[in-house]
Amino acid sequence: MKLNYETCLVGEKVILVPYRPEHVPRYHEWMKDPDLLEATGSEPLSLEEEVEMQQSWRDDDRKCTFIVHSNKCHPVDNIISDETSQVFRVEEHLDDMIGDVNLFLSELECDNDEWGDDLRGTEASQDQLQQPLLQAEIDIMIAEKHLRGQGLGRAATCAMALYGVSKLGIRRLFCKINEDNKASIHLFKSIGFCQCDYAACFKQVELELVRPIEEMKEIFQ
């Protein structure tokens, strides 16, 4: 989406950077891995198709994508967010790419009263209650296998959840994971997601966030 295209989310472990054309060649190499294709439910694309995909996701206001960069080698105060005037130069940090994290937005199929109680009493409550309530499916991929199990995916997922709730107004966050992907299920449960559904036909579990979003700030930072 264009809303996040000039925004970096900066933590001690990871930096989340909007998916840019400079990222595409390495991302394309990642997605030649059959294991990653299966885990993400993706189809193999040509480089040209990957370029088109990056452009379409940039323009789609229901898809929010960040590339995850490792922040082990870069001081936090040298990297920008949307609130500073410093610049993160993607082309200088391509070697730090480790994966991506995504939000797929949709409208909640429920009455606003069911989800709107905590909005009442705020200055913007009336405007917000008149707008469609949003939910988002979240997914995370750490493509660099040697960097898995170090808390980087956990930090990136928390950063995206915080961004989705605070900047995009998302009211419900959920994920769908193949039941044999134990590592991913463990990651989401560790940050406050609980199973809410199971699709036997797809052998997928669905989990939704039940932990207070404020508690995720400590994990990201």
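Structural remarks
- Loop-located trypsin sites (Lys or Arg not before Pro) in the stretch 1-61, at most 12 other Cβ atoms within 10 Å (DSSP): 32
- Tensor-based shape of the stretch 136-190 (alpha-carbon gyration tensor, a/c under 1.5 rounded, otherwise prolate or oblate): oblate
- Spin-label proximity, residue 186 to the stretch 33-53 - amide N less than 20 Å from point 7 Å beyond Cα toward beta carbon: 35-36, 39-40
- Element breakdown for the stretch 128-221 at a 1.4 angstrom probe: carbon and sulfur atoms account for 48% of the accessible area.
- Restricting the stretch 154-221 to trypsin sites (Lys or Arg not before Pro) in coil, as DSSP defines it, with at most 12 other Cβ within 10 Å: 203
- The modelled label-to-label distance for the pair residue 109/residue 33, using points 7 Å beyond Cα in the direction of Cβ, is 3.4 nm.
- With each label modelled as a point 7 angstrom along the Cα→C-beta vector, the residue 131-residue 95 pair spans 4.2 nm.
The values are calculated or read from the model by the stated rules, or taken from the named source; none is laboratory data. Worth saying up front: this structure is predicted, and the values here are computed from it rather than measured. A quick note on method: Cβ atoms are made from the backbone with ideal geometry, for glycine too, and the neighbour counts reach across all protein chains shown. All accessible areas refer to the heavy atoms of the entire protein, side chains included, with ligands and DNA or RNA removed. Shrake-Rupley method; radii C 1.70, N 1.55, O 1.52, S 1.80 Å.
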